[in-house]
Amino acid sequence: MTERILVVGGGGREHAIGWKLAHETVGRKLYFAPGNGGTCVIGTNIDVGVTDVSGLVQFASDKRIDLTVVGPEAPLESGIVDTFAEEHLPIFGPTRSAAMLETDKAFAVRFMEAHGIPHPDSVTFTDFDKAKTYMFRKGVRHIVIKAAGLAGGKGVFLPDDEPEAIKILGGLMTHHTLGTAGERVIIQERLTGPEISMLAFSDGTRVIPLLPAQDHKRLNDGDEGPMTGGVGAVADVPFVTHEMIDQMYRTILQPTVDGMREEGHPYTGILYAGLMMTKEGPKVLEYNARFGDPETQPLMMLMNTQLAPVLLSCIEGTLTESQVGFTRGKAACVVLASEGYPESPVLGREIFGLDTVNDPHITVFHAGTMVDDGKLLTHGGRVLGVTAWGKTLSDALAHAYGAIGEKGIHFDGMQYRKDIGRTAQKTILVWLPV
Ligand code: GLY
């Protein structure tokens, strides 16, 4: 029995993971480092930062934590899993070297080439002039520029013209606008098609997919406006069939886990493949080495088997298919963001209307919130994820949107997309199965 669990992180993803862990069994003690204004209701927030690895080890030892779950990528890059493992503290997530699938995009490109995993044509550069020449030869509207290192969701660029492309490349490689993350860049073929997020549990050998999910990265309706960390997500995705999932499993997920093991970096944790569904089949745009945010919110709502045993089985190398199951239906998460998000979110605004939500289909996951003097305040860019279940995606969306507004959940300057799930509803995929 996992009685004491530590969740590292303080976003909507971590609240959703904690919510699932809290509801699947009674008497479990949950801690969140640092947590938010919602996690303090289901557990205890502790004042330790996500990359304070020695502080987290100390806490986990002192409290005899049975399981630590890592939310964000930064602690993975800091080697939290390696350090916990050295101290014999059970922790769910990939080691620092396995997490390179996310933390070093040049590594990921080389890895996919070596193991025949479908991905867009990609070339890595350390030299500005060579990158520029290549980019112009390909045509700037046909390429994507990516920083090789971690950039907190700010490292992917789709230039519209040559001056913009030069500005981006110069910013990354010459002016170091993203620090060391942009010293190496990947110039990648620009693909078209719907994108999905395919997450899977892995114990280093076996890989069990969750349901397909789709997030919305642009701030405004119609996929306009700046890139964000993700302002809405749906799962299961109606246009993704069992045959497509089977193909992703055979051509991407299992070969990735096999390849990582063969290269000496056994991959345990969540493997998140960001996929473009092209006419030739799914291609990996990027890997993430963690649960997605906000994809985790609808996924946890739909998962109907216990989460803690799955996480422990991944750590122990005993994962089985029967451990991972999902309820019928769909779930949707609509993110309510602060005024000024993503550039400069306004904090400290009072949040109203959570007490108006009495629909059993809805759970409101907190992200950038805090409680001060009994008031719930905005405390980050992404504030809340209003997440709802429905028999169909339309039902789920109707429940979620029904809870938002002047008579429901609201705060000054609140921004949210009104078209979450619309792409998933409208897409019809032309697909050549292999
Ligand atoms: N939703 C995108 C991410 O988690 O990176």
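With respect to the conditions (1) in a strand (DSSP E or B); (2) surrounded by fewer than 20 Cβ atoms within 10 Å (Cβ to Cβ), VAL346 falls short on a single one, namely (1). Scanning segment 245-264 for residues that are open to solvent by 40 Å² or more (accessible area, probe 1.4 Å) and not small (Gly, Ala, Ser) yields ASP246, TYR249, ARG250, ASP258, ARG261, GLU262, GLU263. Say whether the condition of being in contact with a Ser or Thr (Cβ under 8 Å, 6 or more places away or on another chain), touching a residue at least 60 places away in the same chain (Cβ under 8 Å) and surrounded by 15 or more Cβ atoms within 10 Å (Cβ to Cβ) is met by at least one residue in segment 162-180. Among the residues of segment 162-180, not one is in contact with a Ser or Thr (Cβ under 8 Å, 6 or more places away or on another chain), touching a residue at least 60 places away in the same chain (Cβ under 8 Å) and surrounded by 15 or more Cβ atoms within 10 Å (Cβ to Cβ), which makes the answer no. For beta carbons closer than 8 Å, sequence separation of 6+ or different chains, a first residue in segment 116-136 that is in contact (Cβ under 8 Å) with a residue 40 or more places away in the chain and open to solvent by less than 70 Å² (accessible area, probe 1.4 Å) and a second that is in a loop (DSSP other than H, G, I, E, B) and not polar (S, T, N, Q), the qualifying pairs are PRO118/GLU280; PRO120/ARG190; PRO120/LEU191; THR124/ALA148; THR124/ARG184; PHE125/ARG184. Taken over segment 384-434, residues that are in contact (Cβ under 8 Å) with a residue 12 or more places away in the chain, aliphatic (A, V, I, L, M) and open to solvent by 50 Å² or more (accessible area, probe 1.4 Å) amount to 4.
Residues in segment 234-270 that are within 24 Å of PRO94 (Cβ to Cβ) and within 13 Å of the ligand (Cβ to nearest atom): ALA235, ILE270.
Just name the residue that is nearest to the ligand (Cβ to nearest atom) out of those in segment 187-210 that are open to solvent by less than 20 Å² (accessible area, probe 1.4 Å) and among the small types (Gly, Ala, Ser). Restricting to residues being open to solvent by less than 20 Å² (accessible area, probe 1.4 Å) and among the small types (Gly, Ala, Ser), the top hit is SER197. Whenever a residue of segment 1-19 is more than 11 Å from VAL70 (Cα to Cα), its partners that are within 16 Å of the ligand (Cβ to nearest atom) and hydroxyl-bearing (Ser, Thr, Tyr), lying with C-beta atoms within less than 9 angstrom and at least six residues away or across chains, give the pairs GLY12/THR296; GLY12/THR387; ALA16/THR296; ALA16/THR387.
Would you point out the residue of segment 211-233, among those that are under 16 Å from ALA273 (Cβ atoms) and within 10 Å of the ligand (Cβ to nearest atom), that is most open to solvent (accessible area, probe 1.4 Å)? Break it down stepwise before answering.
Taking segment 211-233 as the starting set, the residues that turn out to be under 16 Å from ALA273 (Cβ atoms) are 211-215, 217, 230, 233.
Imposing the further condition that a residue be within 10 Å of the ligand (Cβ to nearest atom) reduces the set to 213-215, 217, 230, 233.
Numbers: ALA213: 0, GLN214: 9, ASP215: 25, LYS217: 57, GLY230: 0, ALA233: 0 Å².
Restricting to residues being under 16 Å from ALA273 (Cβ atoms) and within 10 Å of the ligand (Cβ to nearest atom), the top hit is LYS217.
Of all residues in segment 51-65, those being open to solvent by 40 Å² or more (accessible area, probe 1.4 Å) and over 24 Å from the mean Cα position of the chain (by Cα) number 6.
Just one of the listed residues (TYR287, TYR267, TYR341) is surrounded by 23 or more Cβ atoms within 10 Å (Cβ to Cβ), within 16 Å of the chain's Cα centre (by Cα) and of a type outside the set (A, V, I, L, M), namely TYR287. Among all positions in segment 53-74, there is no residue which is over 20 Å from LEU150 (Cα atoms), β-branched (Val, Ile, Thr) and modelled with pLDDT under 95.
Residues in segment 137-151 that are touching a residue at least 24 places away in the same chain (Cβ under 8 Å) and over 24 Å from LYS279 (Cα atoms): how many?
Step one: filter segment 137-151 for residues touching a residue at least 24 places away in the same chain (Cβ under 8 Å), giving 138, 140-151.
Filter again for over 24 Å from LYS279 (Cα atoms), leaving 147-151.
Looking only at that region, the number is 5.
Hey, could you check segment 3-21 for residues that are open to solvent by 10 Å² or more (accessible area, probe 1.4 Å) and not basic (Lys, Arg) and say which is farthest from the ligand (Cβ to nearest atom)? Residue satisfying both the conditions and the ranking: GLU3.
The values are calculated or read from the model by the stated rules, or taken from the named source; none is laboratory data. Only a predicted model underlies this, so the values are computations on that prediction, with no experimental measurement involved. Quick reminder, even Gly has a Cβ in these numbers, built from the backbone with ideal geometry, and neighbours come from all protein chains shown. Side chains are part of the model used for accessible areas, which takes the heavy atoms of the whole protein and leaves out ligands, DNA and RNA. Shrake-Rupley method; radii C 1.70, N 1.55, O 1.52, S 1.80 Å.
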